[in-house]
1. Given the -39500 (n - 2.57) contribution per DSSP H run of 4+ residues, what per-residue ellipticity at 222 nm results for the chain, rounded to the nearest 500 deg cm²/dmol?
2. Need the full-extension length gain, W52 to H18, defined as separation in residues times 0.36 nm minus the C-alpha distance. One decimal, nm.
3. Taking Rh as the Kirkwood radius computed over C-alpha pairs, what is the Stokes-Einstein D of the chain at 20 °C in a medium of viscosity 1.002 mPa s, expressed in µm² per second?
4. Helix 14-25 versus the longest principal axis of the chain: what is the Cα-based angle in degrees, 0 to 90, to the nearest 10?
5. For the chain, modelled as a Gaussian network with Cα springs under 10 Å, which listed residue fluctuates most, D26, D36, D47?
6. Rounded to whole Hz and in sequence order, give me ³J(HN,Hα) for region 43-56 from the Karplus expression 6.51 cos²θ - 1.76 cosθ + 1.60, θ = phi - 60°, writing x for Gly and Pro.
7. Sorted by average packing, counted as other Cβ atoms within 10 angstrom per residue and highest first, what order do 38-46, 57-65 take?
8. Once label points are set 7 Å from the Cα along Cα→Cβ at both E45 and N10, what is their separation, rounded to one decimal in nm?
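Quick note: the coordinates plus some simple rules give every number you see, no bench work behind them. Owing to the predicted nature of the structure, the values given are computational and were not obtained by experimental measurement. Cβ sites come from the backbone with ideal geometry, for glycine too, and all protein chains shown count toward neighbours.
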Amino acid sequence: MTTKTVNIPNISCGHCVHTIQNEVSDLKGIKSVVVDEATKMVRIEWDQPQTWENIAALLEEINYPAEA
């Protein structure tokens, strides 16, 4: 399993948290999505065949890009 924690500056409310959790959780291989609205940090755990590149692309697509 792979874990990555990223900053997503666009998080501003509970709706943002809900959207990120739902959209990312729908990807195959995702084990956990924890979003902290206060710190704007997101921790994602996944197994193969999922990749960070796919997850990052989805976050970009739903207008919550991860900060590099």
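1. -10000 deg cm²/dmol
2. Residue separation times 0.36 nm, minus the Cα-Cα distance, leaves 10.2 nm.
3. 184 µm²/s
4. For helix 14-25, the angle is close to 10 degrees.
5. Per the Cα network of the chain with a 10 Å cutoff, D26 tops the list.
6. Result, rounded to whole Hz: 10, 10, 10, 8, 10, 5, x, 5, 10, 4, 4, 5, 5, 4.
7. So the order, starting with the most tightly packed, is 38-46, 57-65.
8. Each label point is offset 7 Å from its Cα along the Cβ direction, giving 2.6 nm.
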